[in-house]
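Participant: Can you read through this structure? Questions will come right after.
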Amino acid sequence: MTQSMANNCDTSDAACDTDSRPYDELFLDRSNLAEHLATISTILGMLTQYAEKESYSGRSPAELSTSLTGADPFPEAGIGQDAMANDLEFLVRNSISLTHPATIGHLLCPPVIPALQAEVLISALNQSLDVFETSPAATMIEKTLIARICEEFGMPASSDGTFTPGGTHSNYAALLMARDHWLQKNMNWSAKRSGLPTRSQDFRIICSESAHFSIEKAAAQLGLGTDAVVRIPVDDGHRMKTGSLLRTVQNMKRRGKIPIALVATAGTTDFGAIDDLTACAEVATEAGMWLHADAAYGGGLMFSERHRDRLAGIELADSISVDFHKMLWQPASCGLLLVGASSNFSLMTHRAAYLNPLEDKVAGIPNLVDKSLLTTRRFDALKVWVSLRTLGKRRIGDMIGHVLDLAQRTREMIESTGRLKMLHKPELGCLVFRYEPAADRFSDSVNRQIQQTLMSAGRAMIATTRIQEKLCLKLTLLSPTVREEDLQSLVHEIVDTGRRLEATLTTEHPVGI
Ligand SMILES: *Cc1c(COP(=O)(O)O)cnc(C)c1O
């Protein structure tokens with residue numbers, strides 16, 4: 001490492017190379033490339049060293065905050081790279097290690113190396129995918145990739161898509177199009193120009209009880225309010241009850257409410273459940289609703305020859321959310337929104353003379369800002385392009401299949417403990433279960449403490465969720481590098497920790513006191 005970044009090089013300084021421009025050392029070029037590669041290598045070396053050791057250092061928010069006292073984020077004079085290395089070491093040491101086999105709580109994956117390499121190039125090239133002139137080859141690569149993914153999803157020739165920061169954003173953009181499409185088609189009303197008519201107060205968005213909370217978030221932001229979201233009960237497999245869906249739609253229409261969109265979930269966040277997409281498509285078509293498939297999690301199945309049939313019917317959706325930062329090992333953020341009829345993107349198109357004038361469109365110049373809610377936009381498509389092309393369909397399919405097999409194996413391990421109760425049949429990589437203490441009144445506290453004990457000991461990062469009022473534990477398998485032995489020892493440790501906590505609680509709070 002060097003001090004070069006901290007140098008205050010003014011023209012009177014004899015140490016300064018008079019041939020070079022004043023800030024050369026701060027921007028990548030041939031002369032400093034080797035030095036910066038060495039720095040990156042040192043930092044990544046640190047990361048690989050700590051990542052193996054523990055899932056998390058176990059430090060609390062207060063401890064982390066104390067460590068940061070005295071670190072001025074904007075000092076009068078730069079601290080230089082050597083001192084900065086200490087900051088980065090602190091960060092790396094106190095981060096969740098996603099390559100550690102016991103970091104399996106949330107929908108966050110370790111990134112594959114091709115994607116990591118692409119990520120460096122994405123930042124170094126810094127193309128912005130708003131207009132062709134700021135991203136020539138990048139625009140064409142993204143277009144080519146999206147067309148291929150639409151084909152893979154079995155979408156019609158009219159389909160198209162756009163990369164987004166993730167499922168929340170994709171769901172929002174999809175529901176914005178659903179709202180404005182309904183107004184355009186049924187009232188010849190442009191929401192883009194005129195805002196919302198009073199009739200929009202009767203708009204309803206339908207999804208299942210297990211759908212993601214970003215649906216309410218979108219409804220709130222779209223001026224419809226969270227009360228506009230109607231949640232349909234789910235069956236034992238956590239799938240939307242289609243009978244109930246039909247009755248709800250009929251009731252709404254009788255009461256003068258307007259169901260504008262149906263959100264089917266392909267892979268719920270807790271259970272990985274996949275709604276009956278074909279049945280949803282039928283109901284949506286019949287009722288004149290937009291069908292949005294939230295496949296933020298489950299969309300990865302489409303990349304596995306063995307499992308893709310489970311998404312049958314998804315091609316009928318008007319829009320689909322897929323997150324590559326979940327099942328497909330991309331660094332966050334990397335979401336994709338697919339749309340069945342590309343003309344619907346025009347509902348979001350706005351023009352700026354300096355950026356995407358109509359003349360460009362007439363001349364056939366592709367300006368991707370026309371399809372996006374964002375303006376400056378990262379070239380996230382590159383990491384997907386590099387990953388899919390270098391690994392290929394077979395390898396990626398095998399990796400997905402392997403993770404799903406591991407989940408089934410883990411389910412058997414959990415069931416055979418006799419102490420943990422599975423709450424569902426796992427369909428993707430997530431498993432929801434509960435430690436069952438002899439006295440049910442300790443159930444919530446034992447389960448919460450299992451999660452916290454494992455986390456603060458740096459042993460494991462698992463998650464919790466609440467199902468039918470009861471606190472549960474959750475594992476989310478995404479990494480194909482986890483071994484069965486790792487999972488077996490984690491499951492044992494969960495049980496042992498539960499037993500210890502239960503014993504303490506029973507001694508401290510005997511019945512009747
Ligand atoms: C993760 C998830 C989302 C939100 O996606 P982000 O990328 O976190 O914004 C939406 N829907 C489902 C079903 C998800 O699993």
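The values are calculated or read from the model by the stated rules, or taken from the named source; none is laboratory data. For clarity, every value in this text was computed on a predicted model and none was experimentally measured. Cβ: placed from backbone, ideal geometry, glycine included. Neighbour counts: every protein chain shown. With ligands, DNA and RNA removed, areas are computed over all heavy atoms of the protein, side chains included. Shrake-Rupley method; radii C 1.70, N 1.55, O 1.52, S 1.80 Å.
Participant: In what order, largest first, do Ile113, Ile494 sit by accessible area if the probe radius is 1.4 Å?
Facilitator: Ranking Ile113, Ile494 by accessible area, largest first, yields Ile113, Ile494.
Participant: Quote to one decimal, in nm, the extra length available between Ser67 and Asn126 on full extension: 0.36 nm per residue of separation minus the C-alpha distance between them.
Facilitator: Difference between extended and current length: 17.9 nm.
Participant: Would you mind working out the magnitude of the charge dipole of the range 316-391 relative to its Cα centre, with +1 at each Lys and Arg C-beta and -1 at each Asp and Glu C-beta, to the nearest 20 Debye?
Facilitator: I would put it at about 220 debye.
Participant: Next question, about the same structure. Please label the shape of the range 347-424 as rounded, prolate or oblate, based on the square roots a ≥ b ≥ c of the eigenvalues of the alpha-carbon gyration tensor (a/c under 1.5 means rounded; beyond that, a/b larger than b/c means prolate, else oblate).
Facilitator: prolate
Participant: Report, in debye and to the nearest 20, how large the dipole of the chain comes out about its Cα centre when Lys and Arg carry +1 and Asp and Glu carry -1 on their Cβ.
Facilitator: Using Cβ point charges on Lys, Arg, Asp and Glu, the chain gives about 2180 debye.
Participant: With all protein chains present, how much of the accessible area of the chain (probe radius 1.4 Å) comes from carbon and sulfur, to the nearest whole percent?
Facilitator: It is 53 percent, rounded to a whole number.
Participant: Using the alpha-carbon centroid of each, what span in Å lies between the range 325-367 and the range 45-123?
Facilitator: That distance is 33 Å.
Participant: Just the accessible area per residue of the range 238-324, please: how many Å² with a 1.4 Å probe?
Facilitator: Computed with neighbouring chains in place, this is 35 Å² per residue.
Participant: Take Glu52 and Ser194, extend 7 Å from each Cα along the Cα→Cβ direction, and tell me the distance between the two endpoints in nm.
Facilitator: Here the answer is 6.6 nm between the modelled labels.
Participant: If you don't mind, another one. Using the structure shown, select from Lys192/Lys241; Lys143/Lys393; Lys241/Lys474; Lys383/Lys474; Lys53/Lys217; Lys143/Lys326 the pairs with a Cα to Cα distance greater than 31 angstrom.
Facilitator: Result: Lys192/Lys241; Lys53/Lys217 exceed 31 Å.
Participant: Also, I was wondering about something else. Can you work out the FRET efficiency for the pair Thr144 and Arg59, with r the C-beta to C-beta distance and R0 = 60 Å, to the nearest 0.05?
Facilitator: Computed FRET efficiency for Thr144 and Arg59: 0.85.
Participant: Between the range 186-219 and the range 148-184, what is the C-alpha centre distance in whole Å?
Facilitator: For the range 186-219 versus the range 148-184, the Cα centre distance is 16 Å.
Participant: The range 127-379: D in µm²/s via Stokes-Einstein (Kirkwood Rh, Cα pairs, 37 °C, 0.692 mPa s)?
Facilitator: My calculation gives 178 µm²/s for D.
Participant: Further question on the same structure: Using R₀ = 35 Å, calculate the FRET efficiency as 1/(1 + (r/R₀)^6) where r is the Cβ-Cβ separation of Thr285 and Thr349; round to 0.05.
Facilitator: 0.85
Participant: In addition: Put +1 on the Cβ of every Lys and Arg and -1 on every Asp and Glu Cβ in the chain; which of Pro111, Pro61, Ser489 then has its Cα farthest towards the positive end of the dipole?
Facilitator: So the residue we want is Ser489.
Participant: Need one number for the chain: average projected area of the convex hull over its C-alpha atoms, nm².
Facilitator: Answer in nm², one decimal: 30.2.
Participant: Further question on the same structure: Please state the Cα pair-distance histogram of the range 299-456 with 10 angstrom bins from zero: what percent is in each bin?
Facilitator: 8, 24, 26, 21, 13, 6, 2, 0
Participant: Separation between the Leu28 and Ala363 pseudo-spin-labels, each 7 Å from Cα along Cα→Cβ, expressed in nm?
Facilitator: 3.0
Participant: What is the dipole size for the range 388-508, taken about its Cα centre, with +1 at each Lys and Arg Cβ and -1 at each Asp and Glu Cβ, in debye to the nearest 20?
Facilitator: My answer is approximately 460 debye.
Participant: What is the range 17-80 by shape, rounded, prolate or oblate, if you read a ≥ b ≥ c off the alpha carbon gyration tensor as root eigenvalues and call it rounded for a/c under 1.5, prolate for a/b larger than b/c, and oblate otherwise?
Facilitator: Oblate.
Participant: Hey, could you get me the Stokes-Einstein D for the range 388-508, Kirkwood radius over alpha-carbon pairs, 10 °C and 1.306 mPa s, rounded to whole µm² s⁻¹?
Facilitator: It comes out at roughly 104 µm²/s.
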